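Undergrad: I'd like to ask some things about the structure below.
The values are calculated or read from the model by the stated rules, or taken from the named source; none is laboratory data. A quick note: this is a predicted structure, and the numbers were derived from the prediction, not measured. Reconstructed Cβ throughout: ideal geometry from the backbone, glycine too, with neighbour counts over all protein chains shown. The area values use the complete protein model at the heavy-atom level, side chains included, leaving out ligands, DNA and RNA. Shrake-Rupley method; radii C 1.70, N 1.55, O 1.52, S 1.80 Å.
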Amino acid sequence: MIVKKYRVLRMAALLGILILPGCTQGILEGIGTKTAAPIAEDDIEVAEAAENGTGQDSEGQIDTRDWLKAESPVQLPILMYHSISQGNGLRVPREEFRSQMAWLRENGYYTLSPEEAFLVLTENRMPSEKCVWLTFDDGYTDNYTEAFPILKENDMKATVFMIGKSIDKGHHLTENQMLEMSRDGISIESHTISHLELNRMTAEQQGAEMVQSKVLFDRILDQDTTVLSYPVGRYDEESLRLSEEAGYKMAVTTEPGGASSDQGMHALHRVRISPGLSVNGFASLIENASKH
């Protein structure tokens, strides 16, 4: 009965979107009616959180024939960034980010797509002995203006967790920027519709935040949105269940350390990258979070 309930909710959200104009603003005006009143800071941008090649064939299937079988359960570094700028603990300056990406390239790290990360964690196989999954929370404009060019220079993939209601809003990505990035190795995934603390919401409100966000990004990007990032790292046992029922294959947290399947595919840990980190410190974080 619970699964059926959320299937109905998802369909209702989808039908609401389909009858609206094609623009993002039109889509957003028709969703979010079951979310809770905001309890996070209004200015998401400055709020301190509590916190390659595709390898795919023409049909989108990942060719894993040459992947390596890990001798022990994989522990994968999922790096967590926010803004590529300066100003607070969520902002990594551009030149620090450039140096970190250069270190990854020079040391032979392969950057994963969400689909590849899922296979690494569930099948215990890897496209390279050294893998990392780059993620950005909130979808700030500087992910496009500052991080995206550096990622392209290094032929790297990454994932941006975008807030549905922040699309085309000040200091956040536009729909056109997301579309361009998604065509060039950057995956756009869900950070919910409203960026509210899920553990302070009812199950119905949590489900609406997750389902409506997935439907929105499926619609805009013509994709199957498969990964959720919990806003400001807040979640509870209901969140784990609901994220799966909403159709996500994985969800990431702000719990520190490398990610592994034994954490549960809807409670994956990440490695927070803070400003002021030396290249040697960055290297230590990556190496300590890796295991295979």
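Undergrad: For region 233-292, what size does the Cα cloud have along each of its three principal axes, sorted from largest down, in whole Å?
TA: Principal axes ranked by extent give 41, 27, 16 Å for the Cα atoms.
Undergrad: For region 88-129, report the convex hull volume of the alpha-carbon atoms normalised per residue, in Å³, without decimals.
TA: Values: hull volume 4.0 nm³, N = 42.
Dividing the Cα hull volume of region 88-129 by its residues yields 95 Å³.
Undergrad: Let me ask something else. Please identify every one of the GluC sites (Glu not before Pro) in region 90-137 that sits in a loop by DSSP and has no more than 13 other beta carbons within 10 Å of its own beta carbon.
TA: Values: sites: GLU95, GLU96, GLU106, GLU115, GLU116, GLU123, GLU129; in loops: GLU129.
When the GluC sites (Glu not before Pro) of region 90-137 are filtered for loop state and at most 13 Cβ neighbours within 10 Å, GLU129 remain.
Undergrad: What does the accessible area of ASP142 come to, in Å² to the nearest 10, when a probe of 1.4 Å is used?
TA: The accessible area comes out at roughly 30 Å².
Undergrad: Step by step: find N for region 81-222, compute 2.2 N^0.38 Å, then divide the Cα radius of gyration by it. What's the final number? Intermediate values should be presented prior to the final figure.
TA: Working: Rg = 15.7 Å, N = 142, 2.2 N^0.38 = 14.5 Å.
So the Cα radius of gyration is 1.09 times the expected 2.2 N^0.38 Å.
Undergrad: Then there is this: Using alpha carbon coordinates only, what is the Rg to Rh ratio of region 108-147, with Rh defined as the Kirkwood radius? List each step's numbers first, then the result.
TA: Working: Rg = 12.5 Å, Rh = 11.5 Å.
Rg/Rh for region 108-147 comes to 1.09.
Undergrad: Compute, for ASP262, the solvent-accessible surface of its heavy atoms (probe 1.4 Å) with the complete set of protein chains present, and express it in square angstrom to the nearest 10.
TA: The accessible area comes out at roughly 130 Å².
Undergrad: Using the heavy atoms of the protein chains alone and a 1.4 angstrom probe, what is the accessible area of region 139-205 per residue in square angstrom?
TA: Numbers: 2370 Å² over 67 residues.
That works out to 35 Å² for each residue.
Undergrad: Apply the Karplus parameterisation 6.51 cos²θ - 1.76 cosθ + 1.60, with θ equal to phi minus 60°, to every residue of region 68-76 and state each ³J(HN,Hα) to the nearest whole Hz, in sequence, with x for glycine and proline.
TA: 8, 7, 6, 7, 9, x, 5, 10, 9
Undergrad: About its Cα centre, what dipole magnitude does region 186-247 give when the only charges are +1 on Lys and Arg Cβ and -1 on Asp and Glu Cβ, stated in debye to the nearest 20? Mind showing how you got there, number by number?
TA: Values: 5 positive and 12 negative charges, 37 e Å.
That gives a dipole near 180 debye.
Undergrad: Please report the carbon-and-sulfur percent of the accessible area for region 110-212; probe 1.4 Å, protein heavy atoms only, DNA, RNA and ligands left out. Could you put the intermediate results ahead of the total?
TA: Numbers: 1340 of 3150 Å².
C and S fraction of accessible area: 43 percent.
Undergrad: How much of the pair distance distribution for region 161-209 lies past 17 Å, counting alpha-carbon pairs only, in percent?
TA: Values: 484 of 1176 pairs.
The proportion of pairs with Cα distances above 17 Å equals 41 percent.
Undergrad: Given charges of +1 on the Cβ of Lys and Arg and -1 on the Cβ of Asp and Glu, with all other atoms neutral, how large is the dipole of region 156-292 about its Cα centre, in debye to the nearest 20? Mind showing how you got there, number by number?
TA: Numbers: 13 positive and 19 negative charges, 72 e Å.
Computed about the Cα centre, the dipole is about 340 debye.
Undergrad: Can you give the log10 of the normalised intensity I(q)/I(0) at q = 0.19 Å⁻¹, computed with Debye over equal Cα scatterers of region 145-290?
TA: The calculated log intensity ratios at q = 0.19 Å⁻¹ are -1.24.
Undergrad: List the pairs from LYS165/LYS291; LYS165/LYS249; LYS169/LYS291 whose alpha-carbon separation is above 29 Å, in the order I gave them. Could the numbers behind the result be given before it?
TA: Values: LYS165/LYS291 37 Å; LYS165/LYS249 22 Å; LYS169/LYS291 40 Å.
The answer is LYS165/LYS291; LYS169/LYS291.
Undergrad: Next up: Amide H neighbours of ASP137 under 5 Å, at least 5 residues apart or on other chains, H built in the peptide plane: list them.
TA: Excluding prolines and chain starts, which carry no amide H, the hits are TYR81, HIS82, PHE161.
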